[in-house]
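A quick write-up on the structure given underneath.
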Amino acid sequence: GREPSWTSYRFPVSGVAVLRSDWGKDASYLFTQARGGGSHGHQDDNHITLISGGRVLLTDAGIFTYSADDPFRKWGISPLAHNTVCINGEEQAYEMGSGYCAECVLDHDCDVISQSTNRYKGFSYTRRIIFLKPDIFIITDEIIPEDTERFHDYKQPWHMLPTAEMSFDYESRCIRSNFPDGVNIIIRSLDKDVILRRETGWYDYGYQQLAENPFGYFERKRSCLTNKQLL
């Protein structure tokens, strides 16, 4: 086939966006979506998957099972098991419909996309992704609650493969992968009032092939003194 003139694209019907640095086999490739529920069972609006240098750097927790009462599945489809945001420990609501794209500028050197989801009851959540090609991503999450007096808990989780040997620098709010060779990733929060935490989850190598796997999240617990929360 012939190489396209473009590298990044948003599919307006599905709500899926793919951001690429180039068409080479070692390119940086980010997948994200705000498509809502429907037949897709995972609560993963605004989730990010990232591949670079032929290596998966950011992933979700996997398939698990299709049995609704399986506790591993309940965790595996939850927002906390994806690279999105978990609000007050609650699920993304399937009946709330699909999300929408507020901004999409795709260029040779820089991509910018803002996508919103209404699957959190009582909250407006917009994720803005800036891709400075070939390998820098700036992620901003804006969360606006309807109830501005209530105490809210916001978690922004990040998941890697078990082989990434994830490490945590709590003082600088930094998460790193530690593959012995090739491409690695550094995730750092620029917000000084968030807390980096480590927790143990699971990763599914294949259907029900589970392994314990640590993941990290940036957390902010506060009553809403302002009308926006940025992570």
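The values are calculated or read from the model by the stated rules, or taken from the named source; none is laboratory data. The structure presented is a predicted model; accordingly, all values stated were derived computationally and were not measured. Note that we place each Cβ from the backbone using ideal geometry, even for glycine, and neighbour counts take in every protein chain shown. These accessible areas exclude ligands, DNA and RNA; they are computed on the full protein's heavy atoms, side chains included. Shrake-Rupley method; radii C 1.70, N 1.55, O 1.52, S 1.80 Å.
For (1) under 22 Å from Trp75 (Cα atoms); (2) modelled with pLDDT under 95, each residue gets a yes or a no:
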residue	(1), (2)
Leu161	yes, no
Pro180	no, no
Leu196	yes, no
Asp204	yes, yes
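Comparison of Phe31, Phe72 shows that the only residue that is surrounded by 16 or more Cβ atoms within 10 Å (Cβ to Cβ), in contact (Cβ under 8 Å) with a residue 12 or more places away in the chain and not in a loop (DSSP other than H, G, I, E, B) is Phe72. In the condition set (1) touching a Leu at 6+ places or on another chain (Cβ under 9 Å); (2) in a loop (DSSP other than H, G, I, E, B), Thr84 is compliant with all but (1).
Every residue, every condition in (1) surrounded by 15 or more Cβ atoms within 10 Å (Cβ to Cβ); (2) of a type in the set (Asp, Glu); (3) farther than 27 Å from Ser21 by Cβ; (4) modelled with pLDDT under 95, yes or no:
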residue: Met96; (1), (2), (3), (4): yes, no, yes, yes
residue: Glu103; (1), (2), (3), (4): no, yes, no, yes
residue: Leu106; (1), (2), (3), (4): yes, no, no, no
residue: Arg119; (1), (2), (3), (4): yes, no, yes, yes
residue: Leu132; (1), (2), (3), (4): no, no, no, no
residue: Pro145; (1), (2), (3), (4): yes, no, yes, yes
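Can Ile139 be described as β-branched (Val, Ile, Thr) and in contact with a Phe, Trp or Tyr (Cβ under 9 Å, 6 or more places away or on another chain)? So Ile139 fails the test. In a residue-by-residue description of the range 162-169, the property of being assigned to a strand (DSSP E or B) and surrounded by 16 or more Cβ atoms within 10 Å (Cβ to Cβ) applies to no position.
Looking at the range 198-206, can you tell me whether even one residue there is hydroxyl-bearing (Ser, Thr, Tyr), in contact with a strand residue (DSSP E or B) (Cβ under 7 Å, 6 or more places away or on another chain) and over 29 Å from Val18 (Cβ atoms)? Yes: the range 198-206 contains one or more residues that are hydroxyl-bearing (Ser, Thr, Tyr), in contact with a strand residue (DSSP E or B) (Cβ under 7 Å, 6 or more places away or on another chain) and over 29 Å from Val18 (Cβ atoms). Here His82 passes the criteria (1) open to solvent by 10 Å² or more (accessible area, probe 1.4 Å); (2) within 17 Å of the chain's Cα centre (by Cα) except the one numbered (1).
Given the condition open to solvent by less than 10 Å² (accessible area, probe 1.4 Å), under 17 Å from the mean Cα position of the chain (by Cα) and closer than 23 Å to His42 by Cβ, answer yes or no: does some residue in the range 201-212 qualify? Yes: one or more hits.
For Pro157, the conditions (1) more than 25 Å from Gly201 (Cα to Cα); (2) in contact with a helix residue (DSSP H, G or I) (Cβ under 6 Å, 6 or more places away or on another chain); (3) at pLDDT 95 or above; (4) not basic (Lys, Arg) are fulfilled apart from (1). Out of Ser116, Ser5, Ser67, one residue alone is among the hydroxyl-bearing types (Ser, Thr, Tyr), in a loop (DSSP other than H, G, I, E, B) and out of contact with any helix residue (DSSP H, G or I) (no Cβ under 9 Å at 6 or more places or on another chain). It is Ser5. Note on the range 170-199: among residues that are open to solvent by 60 Å² or more (accessible area, probe 1.4 Å) and not in a loop (DSSP other than H, G, I, E, B), the one that is nearest to Ala61 (Cα to Cα) is Glu199.
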